[in-house]
Amino acid sequence: MESQTIQSIALMLGAGWASGLNLYAAMLVLGWMGASGQVDLPQSLEILSNPMVMGAAGLMFVVEFFTDKIPGLDSLWDALHTFIRIPAGALMAAGAAQGLDMGAAGELVGLVLGGSLATTSHVSKTSARALINTSPEPVSNWTASVTEDAAVIGGLWTALNYPWLFVLLLAVFILLAIWLLPKVWRLLKAAGTTLSSWLRKPATTGTPPKT
């Protein structure tokens, strides 16, 4: 019973956290693991194993895979997905909370925690990408994108197979986010101020020679 409870908690937290990084990868991983029998998804999440849902998630994952590696376009994509990842993460976590057998109270807890974790991971990703985009080279974008995708896949697999380890790693992620985000925002503010000063700097014109 205790093992089932911690697995349900890890799935609830993992669904919210992963959705904030890459919603479509999270849907695809959970759907595939449910369809292949590797995990028994709660009733509210069984829809993720539907072939049509998995196909749609896979298609959007491919779109995001390439969009996420184009400097500038990745930040625009992240901004638009603020209104998608966070609500979806909250709903998926609420669905995962059904495994706790706490009724409406458990689903509400899942909704709140899932939304909070989705917000934390989404804001962390969006802020880091905006900072990376201040560099002209594209390699850092590709590296960050692949790392995020691997984190979602590996994180959900860990949540379903080693729930205590996932909870520990998630706590470390939250502490790092609390410590890093203010520093990232200060760097972004400094970069914005520098760029603004460059744009406002008047063009220098040479003085005509005296005759």
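Expressed in nm², what is the orientationally averaged projection area of the convex hull enclosing the Cα positions of the chain?
For the Cα atoms of the chain, the hull's average projected area reads 14.5 nm².
Could you work out which residue, out of S19, S36, S49, moves most in a Gaussian network model of the chain, that is, has the largest mean-square fluctuation with Cα springs under 10 Å?
With Cα springs under 10 Å in the chain, the top fluctuation among S19, S36, S49 is at S36.
In sequence order, what are the phi-derived ³J(HN,Hα) couplings for region 141-154 according to the Karplus relation 6.51 cos²θ - 1.76 cosθ + 1.60 with θ = phi - 60°, rounded to whole Hz, with x for glycine and proline?
Coupling constants for region 141-154: 5, 4, 4, 5, 5, 5, 4, 5, 4, 5, 5, 5, 5, x Hz.
Connecting C-alpha atoms closer than 10 Å in a GNM of the chain, tell me which of S44, S135, S116 has the biggest fluctuation.
S135
Only helical DSSP H runs with n ≥ 4 go in: add -39500 (n - 2.57) per run for the chain, normalise by residue count and round the 222 nm mean residue ellipticity to 500 deg cm²/dmol.
Rounded to the nearest 500, it is -27500 deg cm²/dmol.
Relative to the longest principal axis of the C-alpha atoms of the chain, give the angle of the C-alpha long axis of helix 2-35, reported between 0 and 90° and rounded to the nearest 10°.
The angle comes out at about 40 degrees.
Specify the angular offset, from 0 to 90 degrees and rounded to the nearest 10, of the alpha carbon long axis of helix 51-67 from the longest principal axis of the alpha carbons in the chain.
Rounded to the nearest ten degrees, it is 20.
Cα axis of helix 82-96 to longest principal axis of the chain: angle in degrees, 0 to 90, nearest 10?
Between helix and principal axis, roughly 20 degrees.
Gap in Å between the Cα centre of region 35-106 and the Cα centre of region 1-22?
Measuring centre to centre over Cα atoms gives 13 Å.
Ratio of region 60-147's C-alpha Rg to 2.2 N^0.38 Å, to two decimals?
1.29
To one decimal place, what Kirkwood hydrodynamic radius in Å is obtained for region 142-192 from all pairs of distinct Cα atoms?
Taking the inverse mean of 1/r over all distinct Cα pairs, region 142-192 comes out at 12.6 Å.
Top mean-square fluctuation among M27, M54, M92, Gaussian network model of the chain, C-alpha springs under 10 Å?
Comparing M27, M54, M92 in a Gaussian network model of the chain, the most mobile one is M54.
Place a point 7 Å from Cα of L59 in the direction of its Cβ. Which residues in region 1-36 have their backbone N less than 17 Å from it?
Within reach of a label on L59: 24-25, 27-28.
Grab the chain and count how many Lys pairs have their alpha-carbon atoms under 21 Å apart, sequence gap of 8 or more, or different chains.
Numbers: K69/K125; K125/K183; K125/K189; K189/K201.
Close lysine pairs under the 21 Å cut-off: 4.
Once fully extended, how much extra length lies between L80 and S36, figured as 0.36 nm per residue of separation less the alpha-carbon to alpha-carbon distance?
Taking L80 through S36 to full extension adds about 12.6 nm, to one decimal.
No lab work stands behind these numbers, since they all come straight from the coordinates. All figures in this text were calculated on a predicted structure; none of them were measured in a lab. Reconstructed Cβ throughout: ideal geometry from the backbone, glycine too, with neighbour counts over all protein chains shown.
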